[in-house]
1. Residues of region 1-38 being surrounded by 11 or more Cβ atoms within 10 Å (Cβ to Cβ), in a loop (DSSP other than H, G, I, E, B) and either among the small types (G, A, S) or at pLDDT 90 or above (or both), which ones?
2. Out of curiosity, is G20 closer than 26 Å to A72 by Cα, free of Cβ contacts under 8 Å to residues at least 40 places away in the same chain and not basic (K, R)?
3. Specify the residue that is farthest from the chain's Cα centre (by Cα); the eligible residues are those in region 60-93 that are over 20 Å from G39 (Cβ atoms) and polar (S, T, N, Q).
4. For region 39-85, give me the residue count where each residue is outside any loop (DSSP other than H, G, I, E, B), within 16 Å of R2 (Cβ to Cβ) and without any contact (Cβ under 8 Å) to a residue 60 or more places away in the chain.
5. Being more than 17 Å from A8 (Cα to Cα) and of a type in the set (D, E, K, R) is the filter; apply it to region 55-69 and report the residue that is surrounded by the fewest Cβ atoms within 10 Å (Cβ to Cβ).
Amino acid sequence: MRSLTVPAPAKLNLFLHVTGRRSDGRHLLETFFVALDFGDTVRVARREDGAIRRVAGWQDIPEEHDLAMRAARALQSASGSGAGADITVTKRIPVGADSAAEAPMRHRCCSRSTGSGTFAFRGRA
């Protein structure tokens with residue numbers, strides 16, 4: 001089983017201003033932040049059976065609200081791949097303080113090369 005582990009650094013907002021709302025209900029933001037030298041770790045291991053499982057992380061968050069699960073399912077659907085993933089999030093910073101930094105790292109971890117010339121959700125091994 002191939003896997004990829006990436007850091008999801010914490011960030012410190014030096015400026016954050018809500019400027020409006022998009023048509024999908026999400027906020028429009030202006031922000032200036034710095035990444036810190038610590039944070040969470042995201043590990044994604046490829047599965048050949050198509051299942052997407054949360055192996056570790058905040059188990060009290062329903063899967064439909066878990067950004068890692070949502071990102072992995074969206075990527076799987078968009079890529080048309082039958083591959084799945086085991087997702088492990090090692091938390092070091094509080095829930096809610098990290099969502100802006102963690103979600104892109106989860107997506108990067110799911111879609112980036114595993115080092116063997118394949119991608120986590122690509123159909124070819």
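The values are calculated or read from the model by the stated rules, or taken from the named source; none is laboratory data. All values derive from a computational prediction rather than experimental measurement. All Cβ positions, even for glycine, are placed from backbone atoms using ideal geometry, and neighbour counts span all protein chains on display.
1. Hits for region 1-38: nothing passes.
2. No, not satisfied.
3. Among residues in region 60-93 that are over 20 Å from G39 (Cβ atoms) and polar (S, T, N, Q), the one farthest from the chain's Cα centre (by Cα) is S81.
4. The qualifying residues number 11.
5. D60
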